[in-house]
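Here's the structure we're looking at; comments come further down.
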Ligand SMILES: [Zn+2]
C-alpha cells in the first residue's frame, strides 16, 4: 500500500471537487487496517518511465505550467506550485507498487494517489488528470518485469479516454471500462473496440445513469470474467475510482459499499485463478468523502482476504434492464472473440 502526505500538496481552486480532503477519507479506511498493510514510500517517476506513455512536449508543458502556478491546463484541470512533483510521485507510486507485485515481493496492493490519471492523454492533461498513472504502471511492468499481458479494469464512473487511446492498438494490454454513458468525457461507446493489432483488446461497457450493485457486479461476472479468461492476463491493474458510489456528487450511479466489496472479491478471485493473485488498485476519482472511505474499506477487505476467496453470488438485475441490452450490443461487437460472453 502506498499513501503519502505529499499527495495533498497538489491543489486546484477552492471548491474544486478533486481536493486534498479526498485522501483524508481514503486514509481513514487505510488506518483501520494499518497493522495488516505494508506501507511503501512513493518514488518519483523518472522521465524515461514517463516517456513510455507521454510525449516529451507534455512533460515540458507540465513543468512550464507549474512555474506559472496557479495555472489552468484545461477547463477542469489546474496546477499548483507542487503539482508536477506530486504527479510524478503518483505515477511513481503506481509504477513501484505494480513492479513489486509483478516481482512477487507483495501479493497485491493499493496506491492511494492524487492527482488521478485515466483521462490524461499521451500529449495532454485532461479532466483533473496530469499523468496517466495506471498506463505508466502497465508500461513499467512490461518493460522492467517481463510481464507480457496486462488487463486494466477501469471501474471509475467516467470513461478512461487517455488509457484507452494509449493502448488502443496494443494487443497485449486489454482495457476494460465500465462507465456512465453518455457522460464526461463522451468516449467509451461499445463500438470503440481497439484498432489495428489491438482490435478487440478494448472492451467498453457504457451504462445508463442509475445503475447499481446488480448491474456492476453482473457486468463483471458476465463480461469481465469471460473476457479475462480468454485474454489470460499475467497481471490485473484496477483504475479504482469510487465515483460510481451512490453518494457521489458528480455522477448518478448507485454502487454501495457492499457492491464495491463484491466487485473487489470477484476480481481478486479472477486474479487468483489467472495470474497468481497479481492485482494492483490505483486510485482514480471519487468525490463523496463517504464514498471514498467506504470504497477503500471494501477494496482493502477484498485485497486482504486471506483466500482462497469465494467469488460473490450473482445478484439479479431486472430482466430486460440496461445490463441485458448492453450485453446484446457487446455480443455483436465482441462475441466471436470472447466465448461465453454474457452467459448468466
Ligand atoms: Zn471519475
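The values are calculated or read from the model by the stated rules, or taken from the named source; none is laboratory data. This is a predicted model, so every value here is computed, not measured. Note that we place each Cβ from the backbone using ideal geometry, even for glycine, and neighbour counts take in every protein chain shown.
Mind listing whichever residues of the range 203-235 are in a strand (DSSP E or B), more than 17 Å from residue 256 (Cα to Cα) and either in contact (Cβ under 8 Å) with a residue 60 or more places away in the chain or touching a helix residue (DSSP H, G or I) at 6+ places or on another chain (Cβ under 6 Å) (or both)?
So the first thing to find is which residues in the range 203-235 are in a strand (DSSP E or B), and the list is 203-207, 212, 235.
So of that shortlist, the ones also more than 17 Å from residue 256 (Cα to Cα) come out as 203-206, 235.
Once the filter is applied, which keeps residues that are in a strand (DSSP E or B), more than 17 Å from residue 256 (Cα to Cα) and either in contact (Cβ under 8 Å) with a residue 60 or more places away in the chain or touching a helix residue (DSSP H, G or I) at 6+ places or on another chain (Cβ under 6 Å) (or both), the range 203-235 yields 203, 205, 206, 235.
Could you please let me know if residue 76 is within 16 Å of the ligand (Cβ to nearest atom) and surrounded by fewer than 23 Cβ atoms within 10 Å (Cβ to Cβ)?
For residue 76, the condition - within 16 Å of the ligand (Cβ to nearest atom) and surrounded by fewer than 23 Cβ atoms within 10 Å (Cβ to Cβ) - is met.
Sort through 319, 339 and tell me the only one that's assigned to a loop (DSSP other than H, G, I, E, B), without any contact (Cβ under 8 Å) to a residue 60 or more places away in the chain and over 24 Å from the mean Cα position of the chain (by Cα).
Being assigned to a loop (DSSP other than H, G, I, E, B), without any contact (Cβ under 8 Å) to a residue 60 or more places away in the chain and over 24 Å from the mean Cα position of the chain (by Cα) holds for just one of 319, 339, which is 319.
How many of the residues making up the range 6-18 are surrounded by fewer than 19 Cβ atoms within 10 Å (Cβ to Cβ) and touching a helix residue (DSSP H, G or I) at 6+ places or on another chain (Cβ under 9 Å)?
3
For the range 208-233, give me each residue that is in contact with a strand residue (DSSP E or B) (Cβ under 7 Å, 6 or more places away or on another chain), surrounded by fewer than 24 Cβ atoms within 10 Å (Cβ to Cβ) and over 17 Å from residue 340 (Cβ atoms).
209, 210, 212, 213, listed by residue number.
Taking the range 144-161 on its own, how many of its residues are more than 12 Å from the ligand (Cβ to nearest atom) and in a helix (DSSP H, G or I)?
Qualifying residue count, the range 144-161: 2.
Using the structure shown, decide if residue 303 is more than 16 Å from the ligand (Cβ to nearest atom) and touching a strand residue (DSSP E or B) at 6+ places or on another chain (Cβ under 6 Å).
Yes.
Confirm whether residue 189 is away from the ligand (no atom under 16 Å from the Cβ), free of Cβ contacts under 8 Å to residues at least 24 places away in the same chain and under 27 Å from residue 120 (Cα atoms).
It is true that residue 189 is away from the ligand (no atom under 16 Å from the Cβ), free of Cβ contacts under 8 Å to residues at least 24 places away in the same chain and under 27 Å from residue 120 (Cα atoms).
Within the range 244-266, can one find any residue that is within 15 Å of the ligand (Cβ to nearest atom), touching a residue at least 60 places away in the same chain (Cβ under 8 Å) and closer than 23 Å to residue 1 by Cα?
Within the range 244-266 (the criterion being within 15 Å of the ligand (Cβ to nearest atom), touching a residue at least 60 places away in the same chain (Cβ under 8 Å) and closer than 23 Å to residue 1 by Cα), the answer is yes, since at least one residue qualifies.
For the range 1-43, how many residues meet the condition of being assigned to a loop (DSSP other than H, G, I, E, B) and more than 23 Å from residue 105 (Cβ to Cβ)?
11
Which residues, counting only those in the range 267-291, are within 15 Å of the ligand (Cβ to nearest atom) and either closer than 18 Å to residue 37 by Cα or in contact with a strand residue (DSSP E or B) (Cβ under 7 Å, 6 or more places away or on another chain) (or both)?
Of everything in the range 267-291, those that are within 15 Å of the ligand (Cβ to nearest atom) and either closer than 18 Å to residue 37 by Cα or in contact with a strand residue (DSSP E or B) (Cβ under 7 Å, 6 or more places away or on another chain) (or both) turn out to be 281, 282, 283, 284, 286, 288, 291.
Part of a strand (DSSP E or B), away from the ligand (no atom under 16 Å from the Cβ) and modelled with pLDDT of 95 or more - does that describe any residue in the range 49-66?
Taking every residue of the range 49-66 in turn, none turns out to be part of a strand (DSSP E or B), away from the ligand (no atom under 16 Å from the Cβ) and modelled with pLDDT of 95 or more.
Pairs only if they're at least six apart or on different chains, beta carbon under 6 angstrom, first in the range 109-138 and without any contact (Cβ under 8 Å) to a residue 12 or more places away in the chain and under 19 Å from residue 47 (Cβ atoms), second within 12 Å of the ligand (Cβ to nearest atom) and part of a loop (DSSP other than H, G, I, E, B); list them, first residue then second.
Once the first residue is without any contact (Cβ under 8 Å) to a residue 12 or more places away in the chain and under 19 Å from residue 47 (Cβ atoms) and sits in the range 109-138, no partner that is within 12 Å of the ligand (Cβ to nearest atom) and part of a loop (DSSP other than H, G, I, E, B) comes close enough.
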